Amino acid sequence: MREVEKTLYWILAGTMGGANRVRILRELLKKPQNTNNLSKILNLDFKTIQYHLKVLEKNGFVTFKGGGGFSRLYFPAQIVEDNVETLHKIIQPMEDQLDGKKKKKRMKNESS
């Protein structure tokens, strides 16, 4: 297993906040975003998005242009773009699990 794959597994699948980091990376792969837009799109607290972006940045998975605050635009780092297949391989089981939880919740709500 390559080092980048190990780190992606650890950051996305091996930690509690991995699901949110997956959601952030998926959005950034669609188009660059600032923290505020990500917060609205993902329906997560602004500070939560900031925290996960810092983790992703520290590990070299996102980059940014601009100053601080709303003017800072985040992009997936080249290493993420170069390893999209690996990323999908890691997140697919997580997405399946999330979809299963959503389905169970929907069924529970329908039976209530």
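The values are calculated or read from the model by the stated rules, or taken from the named source; none is laboratory data. The structure presented is a predicted model; accordingly, all values stated were derived computationally and were not measured. Reconstructed Cβ throughout: ideal geometry from the backbone, glycine too, with neighbour counts over all protein chains shown.
Quick check: anything in segment 10-18 in contact with a His (Cβ under 7 Å, 6 or more places away or on another chain) and at pLDDT below 95?
The answer is yes; a qualifying residue exists.
Yes/no per residue for (1) loosely packed, with under 14 Cβ neighbours inside 10 Å; (2) of a type outside the set (A, V, I, L, M, F, W, C):
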site: GLY17; (1), (2): no, yes
site: VAL22; (1), (2): no, no
site: ASN43; (1), (2): yes, yes
site: LEU56; (1), (2): no, no
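Step by step: first the residues of segment 79-92, then only those that are touching a residue at least 12 places away in the same chain (Cβ under 8 Å) and not charged (D, E, K, R), then the one that is surrounded by the most Cβ atoms within 10 Å (Cβ to Cβ). Which residue is that? Per the stated criteria, the residue is LEU87. Please go through segment 1-58 and pick out each residue that is hydroxyl-bearing (Ser, Thr, Tyr) and assigned to a helix (DSSP H, G or I). Once the filter is applied, which keeps residues that are hydroxyl-bearing (Ser, Thr, Tyr) and assigned to a helix (DSSP H, G or I), segment 1-58 yields THR7, TYR9, THR35, SER39, THR48, TYR51.
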